[in-house]
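Below you'll find the structure, written out as structure tokens, and then a few comments.
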Amino acid sequence: MVIQKICCIGAGYVGGPTCSVMALKCPDIEITVVDLSKDRIAQWNSNEKLPIFEPGLMEIVQQCRGRNLFFSTDIVSAIRKADLIFISVNTPTKTFGMGKGRAADLKYVEGAARMIAENAEGNKIVVEKSTVPVRAAESIMNILKANNKPNSSYQILSNPEFLAEGTAVQDLLHADRVLIGGEETAEGQEAVRQLSWVYEHWIPSSKVVTMNTWSSELSKLAANAFLAQRISSINSLSAVCEATGADVSEVARAVGLDTRIGPKFLQASVGFGGSCFQKDILNLVYICECLNLPHVAAYWQQVIDMNEYQKSRFAEKVVSSLFNTVTDKRIAVLGFAFKKNTGDTRESPAIYVSTHLLAEGAHLHIYDPKVEPHQIVDDLNSSTMDPDIVNRNVVIHSDAYSATKNTHALIVCTEWDEFVTLDYEKIYADMMKPAYIFDGRKILDHDFLQNLGFHVQTIGKKMHRDVARAWGCQNHQM
Ligand code: NAD
Ligand code: UGA
């Protein structure tokens with residue numbers, strides 16, 4: 001079999017970009033991305049705005065759409081004609097029942113598997129691209145086999161995705177590695193070869209790594225756990241820095257220069273967000289508990305606990321610095337996405353910080369360059385559980401200057417480039433005095449801001465206006 005047609009179930013942050021890049025690099029393969037959501041598919045077919053913001057993605061979609069890339073709600077016919085089917089649906093944390101708050105909810109994966117079982121005929125390679133617990137492929141196989149039609153057969157592969165939002169296109173074009181897990185049978189290995197062939201249209205074969213299915217599934221959870229662990233490690237040290245006068249950026253630099261450690265993912269922050277780190281580590285913790293490995297579970301749980309501590313430490317610092325009360329104070333929140341270059345707010349630390357301040361009676365003025373205003377309102381409504389507070393105390397702005405005007409304090413929650421180059425002299429002039437800046441991303445020039453007159457607080461560094469002045473920072477430029 002040579003793969004000629006691919007179907008991807010799930011047109012989200014993974015399915016959309018992955019299939020767009022695949023279509024760009026594999027003009028000989030027809031790729032149809034399907035979803036239950038009519039709105040999402042309509043947006044993927046729009047020329048104005050895709051359902052997700054990813055730098056460089058619109059250009060690729062426009063190049064391939066209608067040629068060998070299609071977005072559709074006709075899931076049945078896409079499944080029927082495909083040689084290979086990606087399952088790229090969401091796997092959120094369970095919100096009720098057994099494993100609530102920790103286990104991955106596999107209902108969407110199961111739903112996709114059942115659709116395949118009901119509609120597929122002939123030989124199909126089914127590829128688990130969603131992030132799943134170890135041995136999830138077994139459950140998918142059970143569903144497919146239980147519904148097996150006489151003329152159909154399946155091979156299940158694990159092919160986890162490692163792209164990060166905001167850099168998805170580059171991550172897909174120049175992947176560090178492509179991981180494919182399959183059965184060790186002849187048919188399993190043949191399916192692995194088929195999927196490798198697809199990737200080798202643009203990824204060097206040396207970077208296509210194959211292994212057994214369970215190792216592949218676990219490697220995905222492990223990679224996210226390691227990445228998040230580095231952030232929690234540096235964030236834990238940021239608290240030590242604030243208490244001692246050490247500077248966490250200097251510590252991170254010194255540590256990262258060791259080639260065995262490396263410099264990436266050592267940026268201390270208000271805490272990590274995003275749809276996956278927390279859910280995947282919680283899933284790993286749950287798996288460990290189910291396997292009766294409580295010490296391992298407790299070890300990884302600490303990565304999450306440290307992240308919660310970091311977010312709450314930051315929010316409390318805002319309140320304590322503003323004379324222990326923010327009731328009726330106006331506070332600007334710059335950035336609501338969980339990182340720059342995305343409009344995604346899932347688990348964004350900005351939600352935590354904003355909710356904390358709203359509970360303390362603050363009035364928030366929020367600006368993010370890419371997050372839709374209704375998304376901010378929805379996120380705050382579901383986290384405060386009180387739509388009245390959001391109606392009364394939250395204003396969404398379309399630029400940073402109007403958001404900061406007449407406020408008592410400004411908080412940077414996302415590291416958008418445009419926040420670095422704002423005219424802080426103007427912002428200072430328009431703010432209430434004393435004017436406070438809380439830099440949750442360590443992107444601003446703190447000495448310069450202090451010289452303008454701001455009171456500055458950041459992560460992992462003790463800030464004293466007088467100390468900064470004494471060290472002669474007067475003419476520092478941004
Ligand atoms: P998403 O929520 O953006 O998209 C999932 C899509 O699947 C939704 O549009 C939903 O409507 C659709 N869907 C659900 N069930 C369906 C069904 N039966 N038929 C058709 N469509 C269905 O999720 P995402 O961020 O793309 O993540 C997908 C998976 O990839 C998750 O397991 C996630 O952990 C993993 N992952 C995500 C990222 C990321 O950056 N977001 C990176 C790597 C891996
Ligand atoms: C992460 C991984 O990087 C991807 O490899 C993985 O595929 C993906 O999760 C997934 O499985 O969903 P993503 O969450 O999109 O990607 O973005 P990251 O760049 O990893 O950032 C996650 C969070 O950590 C952000 O809030 C970011 O601001 C924060 N972060 C990151 C830090 O606070 N410090 C750092 O040094 C790096």
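The values are calculated or read from the model by the stated rules, or taken from the named source; none is laboratory data. Everything numeric here is computed off the predicted structure, so don't read it as measured data. Here the Cβ is made from the backbone with ideal geometry for all residues, glycine too, and neighbour counts use every protein chain on show.
In table form, for the structure just shown:
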item: Selection count where residues are farther than 24 Å from F314 by Cα and within 16 Å of ligand 1 (Cβ to nearest atom), scope the stretch 248-273; result: 0
item: First in the stretch 310-331 and more than 15 Å from H455 (Cβ to Cβ), second anywhere and polar (S, T, N, Q), Cβ under 7 Å, 6 or more apart; result: Q310/N235; R330/N406; R330/T407
item: Residues of the stretch 429-457 classified as closer than 23 Å to K339 by Cα and touching a His at 6+ places or on another chain (Cβ under 6 Å), total; result: 2
item: Of the criteria (1) in the same structural domain as S20 (by TED's automatic domain parsing); (2) in a helix (DSSP H, G or I); (3) touching a strand residue (DSSP E or B) at 6+ places or on another chain (Cβ under 9 Å), which one W197 fails; result: (3)
item: Qualifying residue in the stretch 128-135 (condition: modelled with pLDDT under 95, away from ligand 2 (no atom under 16 Å from the Cβ) and not aromatic (F, W, Y)); result: yes
item: Residues of the stretch 85-98 classified as over 29 Å from Q155 (Cβ atoms) and either more than 16 Å from ligand 2 (Cβ to nearest atom) or out of contact with any helix residue (DSSP H, G or I) (no Cβ under 6 Å at 6 or more places or on another chain) (or both), total; result: 4
item: Pair list, Cβ under 8 Å, 6 or more apart: the stretch 384-412 residue under 17 Å from T355 (Cβ atoms), other residue modelled with pLDDT under 95; result: V390/T384
item: Test result for V89, in contact (Cβ under 8 Å) with a residue 24 or more places away in the chain, within 10 Å of ligand 1 (Cβ to nearest atom), crowded, with 21+ Cβ neighbours inside 10 Å and outside any helix (DSSP H, G or I); result: yes
item: First in the stretch 228-243 and under 10 Å from M306 (Cβ atoms), second anywhere and of a type in the set (K, R) and surrounded by fewer than 20 Cβ atoms within 10 Å (Cβ to Cβ), Cβ under 8 Å, 6 or more apart; result: A239/R313
item: V134 being aliphatic (A, V, I, L, M) and either more than 16 Å from ligand 1 (Cβ to nearest atom) or outside any helix (DSSP H, G or I) (or both); result: yes
item: All positions within the stretch 136-152 that are of a type outside the set (A, V, I, L, M, F, W, C) and at pLDDT 90 or above; result: E138, S139, N142
item: When residues of the stretch 201-221 are limited to those that are part of a helix (DSSP H, G or I) and without any contact (Cβ under 8 Å) to a residue 12 or more places away in the chain, the one nearest to ligand 2 (Cβ to nearest atom); result: S206
item: Leading residue by the ranking (farthest from T407 (Cα to Cα)) among those in the stretch 334-377 that are β-branched (V, I, T) and touching a Ser or Thr at 6+ places or on another chain (Cβ under 6 Å); result: V371
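Okay, residues lined up against (1) at pLDDT below 95; (2) surrounded by 20 or more Cβ atoms within 10 Å (Cβ to Cβ); (3) in the same structural domain as E138 (by TED's automatic domain parsing):
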| position | (1), (2), (3) |
| --- | --- |
| N159 | no, yes, yes |
| E165 | no, yes, yes |
| D171 | no, no, yes |
| A191 | no, yes, yes |
| V209 | no, no, no |
| A223 | no, no, no |
| I231 | no, yes, no |
